[in-house]
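What follows is calculated from the coordinates using simple rules that are stated; it is not laboratory data. Because the structure is a prediction, the values reported are computed rather than measured. Neighbour counts are summed over all protein chains in view; Cβ atoms, including those assigned to glycine, are modelled from backbone coordinates with ideal geometry.
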Amino acid sequence: MRGKQAPSRSILPDPKYTSLSVAKLINYVMERGKKSTAQRIVYDAFDILEAKAKKPALEVFEEAVKNVSPLLEVKSRRVGGANYQIPLQVRAERRQQLAFRWLIAATRAKKGRPMAEKLAGEILAAAENQGDAVKKRQDVQRMAEANRAFAHFAR
């Protein structure tokens, strides 16, 4: 690795819920620098969540992120001419990053409804341990479990 590691920038909490995780979700939803559009999508999705779940949207969202966050993942490592998939524990920051990425990827994969509705549906499904994002987490966890024999290659 050359040079210094880039300093991690701190982001401001979102104006409506004063939550850092919601602000990060808005930044992940954002495309082409259109933050106000991303905020509208996320806040509309949270309004839909409150109507459907009959609970505060932030609670449902936190539960969904917890259900989608992976504990283990595999990383490729070359040892003696062979590539091994080595299971590693996921850092908290990356856990949240992967959860948001999978939630949004699952949302964008669905077609035919407004983005806010799709996001609300995916978050609600994830809060109930269902949906495509949770399936992705289970696949990653299963892959890590299957390669547990190579855990001794991890440094």
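Before moving on, here are some points about what is shown:
- Applying 1/(1 + (r/R0)^6) with r as the Cβ-Cβ distance of HIS152 and ASN129 and R0 = 41 angstrom yields a FRET efficiency of 0.80.
- Computed from phi, the 3J(HN,Hα) profile of segment 5-15 under the Karplus parametrisation 6.51, -1.76, 1.60 (θ = phi - 60°) reads 5, 5, x, 6, 7, 8, 10, 7, x, 5, x Hz, with x in place of Gly and Pro.
- Taking Cα centre as origin and charging only the Cβ of basic (Lys, Arg, +1) and acidic (Asp, Glu, -1) residues, the dipole magnitude of the chain rounds to 780 debye.
- Dipole of segment 83-143, positive direction: furthest Cα of ALA125, GLN85, ALA106, with charges on the beta-carbon: GLN85
- Principal axis dimensions, largest first and in whole angstrom, of segment 20-153 by Cα: 54, 32, 29
- For the pair segment 136-153 and segment 23-77, the centres of their Cα atoms are 26 angstrom apart.
- Among the listed pairs LYS54/LYS118; LYS52/LYS135; LYS34/LYS54; LYS16/LYS54, those whose Cα-Cα separation exceeds 25 Å are LYS34/LYS54.
- Long-range amide H partners of LYS75 with built H, under 5 Å: ILE86, LEU88
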